[in-house]
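Worksheet: the structure to be examined is printed underneath.
The values are calculated or read from the model by the stated rules, or taken from the named source; none is laboratory data. All values reported here derive from a predicted model rather than from experimental measurement. Cβ placement follows ideal geometry from the backbone for every residue including glycine, while neighbour counts extend to all protein chains displayed. Accessible surface areas use protein heavy atoms only, side chains included; no ligands, DNA or RNA. Shrake-Rupley method; radii C 1.70, N 1.55, O 1.52, S 1.80 Å.
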Amino acid sequence: MSDAITIRGVTKNYDEGSTKTLALDGVDLTVNRGEVTLLMGPSGSGKTTLLSIMGCILRPTSGQVLLGGKDVTSLREADLPAVRLRHIGFVFQGFNLFPTLSAGENVELSLGLKGVKGSEAKDEALRLLTLVGLAEKYNAFPADISGGQKQRVAIARAVAGSPEVILADEPTAALDSHTGKTIVEMMAKLAHHEDRAVVIVTHDNRLIDYADRIVRLEDGRIANAA
Amino acid sequence: MPPLARRNLFHDRIRLVVTLTGIAFSVVLMVVQWGLFEGFSSSTSGLIDHSHADLWIAAKNTAYLEQAIPFNERKYYQVLATPGVAKAIKYIVRWSIWKQPGGRAESVAIVGCDPDASIGAPFNLVAGDVQQLKQPNAIIIDRIYADKLDAHHIGDMVEINGYRAKVVGFTDGIRAFTTSPYVFTTFKRALDFTVIADDQTNFILVKAAPGIDVKQLKAELQRRLPDNAVFDTAEFSASTRHYWMFTTGAGIAVLMAAALGLIVGIAVVAQTIYATTMDHIREYGTLKAMGAPNSYVLGVIMQQAVIAATIGYIIGMAVSLFVVHGASKGGANILLSWQTAVGLFFLTLAMCTSAAVVSVKKILSLDPAIVFKG
């Protein structure tokens, strides 16, 4: 099991006028490949901020973030999209599919950004949708499929191009319990069978059964890691 | 790559219709106003451009065709005596009063020419013959103005400045910029119609002999006629156009209306593309979070602008062709050349892409962390 993400002494301040909010306060954490890590904690504890920093969407105020052993905090802002594209797949609470593209095209778009185009992209998108059990929905538009199916398309999109890290923000929050269970099982498979690091921000205690590690955040600090 | 730009653009049909209507309206407005400008402009100098003369000699300080002050015809003989002159004619353009058979008066511009000369003669004849101007009291008018002058047939009799006149021919498409239609007649008869003394003329039109350098001939004539202005045809045409289009303000007004079309187009397209961008702002955030470079996201916005511009242009141009065709029957002179059509396409593209700049700025400043909010 190798380190996928290493967080060292990361703090994050938000400046809002004269008010400063300390969202993360000296967080140290290592996320391994082949594991499902849950980030839990009350609202405002810094879970999403930590996920954003892991995903190279936010830059920490101080501290270091290593992705696959490489320090990404020293990279220029303009270099971060390429890092995200190559190493990280995202799954969002609201699915964030492109409503004007079909399920297959949503996956194709992700592949296209990574340089896979044409029939190769179509074949790969179909393969990924088959993996999440939605091959027959290739031409269906997001408006015409259920919430669970949307999230499965989002997972197929996230794993397109084989990123080593999958970051999920409340992926089951908009789903019923049965569908949520299916989704989290799918994500656990990505970690255990495909050796990816899966990090899930959640309030949902039912996901605990699928976690290899649980990290609880409170007031921007890690309260405990189990 | 999936056609995200096209899909986003066509997704909201109502907004698309509004966008395309705005662009098409803008194109029609620009075509009509620019076409009017070109039409007006060409009508101000139509007589000069079709004169087949190389040089125009007028009174000193003459700036445009209708302004010319009569000068002594002795100059005409000086011109004829100048080496390199193949042909010279005396020529008049001057306003007069036309009285219809029913007694109603109209202002006209009398054009006195030489029916035997190859320069300065009426052109685009669709009825009658230039030689028939040699008949007593003969005149030729343009059929566009047949209703205005109440002269519809060859043989119709009217009165010009108290003299009888008989229509012996019709031209087609010789428009006057002013409200006074051109009436062609012989130089001698034009003197009567315009109350110019028998020993005077308005202009002398010159045809250079073959092989003669027109610039040198112009310089020589200017040297011999220091009290006159000598123009080559292109110069006099440009001077006349400039006077009517810019000195009088008529052209500026038309150009401003064309500019208004451009501004309306930019405003409509900017508003609709911005609204479309805002509708899809979360998707753009998702793209940025996924790692799409700004160039890709901006490409989507620009593609939308270019697609909208192209379709809007095609619709606008189709409508414009109907307008131009209808206007030609209704008496308005709207010129639409292929150069204008091509130029307008690129202008429409520029209009739509510049309208997308507001959206582009929004996207550039978009924080991809938006995807984690709610």
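Brief remarks on what is shown
- Scoring residue A:110 on the criteria (1) part of a loop (DSSP other than H, G, I, E, B); (2) under 25 Å from residue A:197 (Cα atoms) leaves a single failure, condition (1).
- Tally of residues being hydrophobic (A, V, I, L, M, F, W, C), open to solvent by 20 Å² or more (accessible area, probe 1.4 Å) and in contact with a helix residue (DSSP H, G or I) (Cβ under 8 Å, 6 or more places away or on another chain) across region B:297-316: 6
- Checked against the criterion of being assigned to a helix (DSSP H, G or I) and not β-branched (Val, Ile, Thr), the candidates B:318, B:332 yield just one match: B:318.
- A single member of B:51, B:26, B:42 is away from chain A (no Cβ under 14 Å), surrounded by 23 or more Cβ atoms within 10 Å (Cβ to Cβ), among the hydroxyl-bearing types (Ser, Thr, Tyr) and assigned to a helix (DSSP H, G or I), and it is B:26.
- Within region B:163-190, the set of residues being out of contact with any helix residue (DSSP H, G or I) (no Cβ under 9 Å at 6 or more places or on another chain) and open to solvent by 10 Å² or more (accessible area, probe 1.4 Å) comprises B:164, B:166, B:187, B:188.
- Pairs where the first residue, in region A:46-70, is closer than 16 Å to residue A:164 by Cβ and at the interface with another protein chain (Cβ under 10 Å from one of its Cβ atoms) and the second is among the basic types (Lys, Arg) and crowded, with 17+ Cβ neighbours inside 10 Å, C-beta under 6 Å, 6+ apart: A:56/A:84
- Qualifying residue in region A:1-20 (condition: assigned to a strand (DSSP E or B), among the hydrophobic types (A, V, I, L, M, F, W, C), out of contact with any Cys (no Cβ under 7 Å at 6 or more places or on another chain) and at pLDDT below 90): yes
- Residues satisfying the stated conditions in region A:118-148, i.e. buried (at least 17 other Cβ atoms within 10 Å of the Cβ) and hydroxyl-bearing (Ser, Thr, Tyr): A:138
- Per-region count, region A:116-139, residues outside any helix (DSSP H, G or I) and more than 11 Å from residue A:160 (Cα to Cα): 6
- Any hit, region A:101-117, residues being away from chain B (no Cβ under 11 Å), of a type in the set (Gly, Ala, Ser) and surrounded by fewer than 19 Cβ atoms within 10 Å (Cβ to Cβ): no
Every residue, every condition in (1) open to solvent by 30 Å² or more (accessible area, probe 1.4 Å); (2) of a type in the set (Lys, Arg), yes or no:
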position	(1), (2)
B:105	yes, no
B:111	no, no
B:134	yes, yes
B:142	no, no
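- Scope region B:193-247; condition basic (Lys, Arg) and assigned to a helix (DSSP H, G or I); matching residues: B:215, B:218, B:223, B:224, B:241
- Residues in region A:41-57 that are over 14 Å from the mean Cα position of the chain (by Cα), within 23 Å of residue B:286 (Cα to Cα) and open to solvent by less than 40 Å² (accessible area, probe 1.4 Å): A:46 only.
- Candidates are the residues of region B:86-103 that are crowded, with 21+ Cβ neighbours inside 10 Å and among the aliphatic types (A, V, I, L, M); the one that is nearest to the chain's Cα centre (by Cα) is B:93.
- Residues satisfying the stated conditions in region B:192-226, i.e. of a type in the set (A, V, I, L, M), within 30 Å of residue B:333 (Cβ to Cβ) and surrounded by 22 or more Cβ atoms within 10 Å (Cβ to Cβ): B:204, B:205, B:206
- The condition of being within 29 Å of residue B:146 (Cβ to Cβ), touching a residue at least 60 places away in the same chain (Cβ under 8 Å) and in contact with a Leu (Cβ under 7 Å, 6 or more places away or on another chain) holds for only one of B:39, B:84, B:46, that being B:39.
- With respect to the stated conditions, residue B:155 is over 23 Å from the mean Cα position of the chain (by Cα) and either loosely packed, with under 15 Cβ neighbours inside 10 Å or within 24 Å of residue B:328 (Cβ to Cβ) (or both).
- Those residues of region B:54-70 which are of a type outside the set (Asp, Glu) and open to solvent by 20 Å² or more (accessible area, probe 1.4 Å), in sequence order: B:60, B:61, B:63, B:64, B:67, B:69, B:70
- Cross-chain or 6+ apart pairs with Cβ under 7 Å, region B:167-185 first and modelled with pLDDT of 85 or more and of a type in the set (Asp, Glu), then open to solvent by less than 30 Å² (accessible area, probe 1.4 Å) and assigned to a strand (DSSP E or B): B:172/B:142
- Region A:165-218, subset within 22 Å of residue B:369 (Cα to Cα) and touching a Phe, Trp or Tyr at 6+ places or on another chain (Cβ under 7 Å), residue surrounded by the most Cβ atoms within 10 Å (Cβ to Cβ): A:167
- Of all residues making up region A:71-98, the number that are in a helix (DSSP H, G or I), modelled with pLDDT of 90 or more and among the acidic types (Asp, Glu): 1
- Per-region count, region B:335-374, residues open to solvent by 20 Å² or more (accessible area, probe 1.4 Å), in a loop (DSSP other than H, G, I, E, B) and away from chain A (no Cβ under 14 Å): 3
- Only residues that are surrounded by fewer than 17 Cβ atoms within 10 Å (Cβ to Cβ), without any contact (Cβ under 8 Å) to a residue 60 or more places away in the chain and within 14 Å of chain A (Cβ to nearest Cβ) were counted in region B:263-295, giving 2.
- Looking at B:24, B:5, B:86, just one residue is more than 30 Å from residue B:264 (Cα to Cα) and of a type outside the set (Phe, Trp, Tyr), and that residue is B:86.
Okay, residues lined up against (1) within 14 Å of chain A (Cβ to nearest Cβ); (2) of a type in the set (A, V, I, L, M); (3) closer than 30 Å to residue A:141 by Cα; (4) in a strand (DSSP E or B):
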| site | (1), (2), (3), (4) |
| --- | --- |
| B:9 | yes, yes, yes, no |
| B:16 | yes, yes, yes, no |
| B:58 | no, yes, no, yes |
| B:63 | no, yes, no, no |
| B:86 | no, yes, no, yes |
| B:92 | no, yes, no, yes |
| B:97 | no, yes, no, yes |
| B:109 | no, yes, no, yes |
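- Test result for residue A:173, modelled with pLDDT under 95 and of a type outside the set (Ser, Thr, Tyr): yes
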